[in-house]
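One structure below.
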Amino acid sequence: MKKTTLIVIFLFLKAFNNFAQQNNTIVTYPSSFSVSKPLSDFFVDETKISKGAPTETKIMGDKEHRKAMNYKFKASNGVRYQNDESTVQRSQGLRSLTPTLQNWAGLDSDTQQYNMCPLDPSGAAGTNHYIQCVNSTPFKIFDKSNGSTVGTVQQLGNLWSPVTGNEGDPIVMYDRYADRWFIAQFGTSADKKVYIAISQTSNPAGQYYTYTFVMPKFTDYLKFSIWADGYYMSSNGTNFINVFERDKMLSGDPTARALTSAAIDTQVYFDTGFWCPLTGDADGSLPPAGTPCPLVYFTDNGWGTAYQDAVRIHNLTTNWSATPSLTIASPVTVPVASFDSSYASNWNDVEQGVGTQRIDAIGGAVLYRAQWRKWTGYNTMLMCWSVKMSDGVYSTKWVEMRQNQSNNTWSLYQEGIYAPDNLSRWIGSIAMDDNGSIGMSYLCTGKTPVVTSPSMRYTGRLKTDPLGQMTFAEQTAVAGSGATNCSNRVGDYSHMSLDPDGLTFWNTGHYFNSGSRTRVYSFRITPPLGTENFEDKAIFNVYQNNENLIIDIRKINTDNEVSIDLFDITGKQLVGKKIRPENGNINTSFSTSSFASGVYMVRIGNNDFQKVIKTLLK
């Protein structure tokens, strides 16, 4: 009772002063905080939800916040504004991908209060479950081993007390470092709210801490990422970048703060119209405590003479002291091969296989996520975005950036445009597994060489393959039928996440088959027999024995030195060592006598592979 009273008093006081300006940083406190009932109390019987498309399709109103870019130069102005042909992959890879491991129907318009378009699906895999959320904003918990339903909540806003609106643009993340679930959506352009729910435990059907923040500006197309010192958020329609106080939110602290800074490339923001950068999303292991979070986006020389075809990267540094600050450093510009990101001012870009209605290519945005990974000696970050190949045909440009850990310098490692035929492949999402293999998913449609309705496909490559090439022949996760019933909208994004096992890619996306549908599927990039495959052969055992943490590794396929490091859930490295395997085996230990009980992460790896194992110390 005393705790509840203190929370009420705190929120009452903050209602008069939700914002504070400190060190050019806007500090925002929650306008409301509560602890939800168990999620299972909100589960609905899907068989009782009215099926069949409603009489009226409701198009998301967020387009009013997306001003189309006026490209000053286009491909017709010369080769420097076109896609560099040397980076275009014009044929399928020759390796065969295995079929999907899991593949099931996700949420669709039948589970919405309205037939809202587009569906904007987002989802992530945890240890035993997968959560998916779509616009307006039903979400569903699946058993990831077979796709069976654990429970469906018809609207995310039901978790709040009182119940909130359900405007959309949902994002789901599994914070593997804390073993928690994160689900968010935006409010209206008038109230400028951001709603964030954090699970109290690893149980996705349990209770959630619910936070409401009234932001300085409306955050359209909001995108989140996990970093050691916060949950970072970027958005369209503003040059503001935000970070939320992760540690406090995980503990259910109602004083958790959000920091906002507006020091990012103001001119780019004013020049580009619809524009959404991304913040680095840590996979594998958290970055060491104090590591700046990278903020990334592309620039196109078609925007004007002040720009070149490049990737720009800012460092974001957060200080959660009594006088908190979010500092955005000047950008580093990394040139890439020429590309054409132009799109139509009416957003009618991609020619469908059926009918004449064209679809929005989502021009101007780096597509979710910008996965960041720490390796031995370097860090990687993956990005992808849509580029125009010809009238009505768009494909996905992807890049792998690498950062030298000795001097923190970023450089381009590889890039490619995946266009093996005249079909469009766009709304991509890309990630890297523990072996350094890359998986990429996308939506595919077009009239030639074969009439193809919007369908979900994927491809990939091994770490050792020729640079810039997706060497595996693409696979179809689900084939679409017919054309969009959603004006020119589809997407507006898809979401690829990496399983906690470090090897399995999960993807969810929007397609069409007698209405708006989503799919959830998983796959692996499996090397051919006889080639190196560190993760699948090695056996990793990490366990506590009294006051020692034992790391026992068998059948590791490398003779090179291996780094073994122990981190807490904030990304702080506590101890570490380097060991050379003997006959493919490693057995070592760390003393845990000085460590508190809780969740820790063990990172094992070198330039060839990495494995991150979560362990509980008692």
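The values are calculated or read from the model by the stated rules, or taken from the named source; none is laboratory data. Because the structure is a prediction, the values reported are computed rather than measured. Ideal geometry is used to build each Cβ from the backbone, glycine not excepted, and the neighbour counts take in all protein chains shown. Quick note on the areas: whole protein, heavy atoms, side chains included, nothing else; ligands and nucleic acids left out. Shrake-Rupley method; radii C 1.70, N 1.55, O 1.52, S 1.80 Å.
For the chain, the relative contact order is 14 percent, taking Cα pairs closer than 8 Å that sit 6 or more residues apart in sequence and dividing their mean separation by the residue count.
Rolling a 1.4 Å probe over the protein heavy atoms leaves Lys611 with an accessible area of roughly 30 Å². Modelled spin-label separation between Asn422 and Thr464, with each label point placed 7 Å from Cα along the Cα-to-Cβ direction: 3.9 nm.
Size descriptors for segment 419-503, from the alpha-carbon set: Rg then Dmax equal 14.1, 42 Å. By accessible area, using a 1.4 Å probe on protein heavy atoms only, segment 401-451 has 48% of its surface on carbon and sulfur.
At 20 °C and 1.002 mPa s, what whole-number value in µm²/s does Stokes-Einstein give for the translational diffusion of segment 327-418, with Rh from the Kirkwood sum over Cα pairs? Please list the in-between numbers first.
Details: Rh = 15.1 Å.
Rounded, D is 142 µm²/s.
Each principal axis of the Cα atoms in segment 66-190 has its own extent, and those three values, largest first, are 57, 46, 33 angstrom.
Counting Lys and Arg as +1 and Asp and Glu as -1 over every other residue whose Cβ lies under 9 Å from the Cβ of Ile604, the net charge comes to +1. Summary value for segment 497-592: 20 percent relative contact order, contacts being C-alpha pairs under 8 angstrom separated by 6+ residues. In this structure, Thr409 and Val35 have a Cβ-Cβ separation that, at R0 = 56 Å, corresponds to a calculated FRET efficiency of about 0.80. For segment 143-225, the calculated P(r) over all alpha carbon pairs, in 5 Å bins from 0 to the bin holding the longest distance, is 3, 14, 23, 25, 19, 11, 4, 2, 0 percent.
By a 1.4 Å probe calculation restricted to protein chains, Thr291 has an accessible surface near 40 Å², given to the nearest 10. Net charge of the neighbourhood of Asp565, taken over other residues with C-beta under 9 Å away and scored Lys/Arg +1, Asp/Glu -1, is +2.
Would you calculate, for the chain, the mean residue ellipticity at 222 nm contributed by helices, counting each DSSP H stretch of 4 or more residues as -39,500 (n - 2.57) and dividing by all residues, to the nearest 500?
Numbers: 4 runs with 29 residues, N = 618.
After summing the helix terms and dividing by residue count, I get -1000 deg cm²/dmol.
Over all other residues within a Cβ to Cβ distance under 14 Å of Ser199, the charged ones net out to +2, with Lys and Arg as +1 and Asp and Glu as -1. Along the axis of the charge dipole computed for the chain (Cβ charges of +1 for Lys and Arg, -1 for Asp and Glu, origin at the Cα centre), the listed residues Thr188, Thr409, Trp506 are led at the positive end by Thr188.
Annotation for segment 70-147: trypsin sites (Lys or Arg not before Pro) lying in DSSP loop with at most 13 further Cβ atoms inside 10 Å of their Cβ are Lys74, Arg90.
Ordered by solvent-accessible area of protein heavy atoms (1.4 Å probe), largest first, the residues Arg176, Arg580, Arg461 come out as Arg580, Arg176, Arg461. Sorted largest first by accessible area at a 1.4 angstrom probe radius, with every protein chain in place, the residues Asp421, Asp41, Asp220 fall in the order Asp41, Asp421, Asp220.
Legend: residues Phe240, Phe609, sorted from most to least accessible area (1.4 Å probe; ligands, DNA and RNA excluded), read Phe240, Phe609. Among the listed values (i) 0.92; (ii) 1.04; (iii) 1.71, the one computed from these coordinates for Cα Rg over 2.2 N^0.38 Å is (i). Taking 0.36 nm per residue of separation and subtracting the Cα-Cα distance, full extension of the segment from Ser251 to Ala68 would add 61.7 nm.
If you take the Cα centroid of segment 295-336 and the Cα centroid of segment 122-188, the two points sit 30 Å apart.
When ligands, DNA and RNA are left out and all protein chains stay put, how many square angstrom of accessible area per residue does the chain have with a 1.4 Å probe?
Working: 21950 Å² over 618 residues.
Each residue of the chain exposes 36 Å² on average to a 1.4 Å probe.
Note: relative contact order over segment 81-211, using C-alpha pairs below 8 Å and six or more positions apart, is 15 percent.
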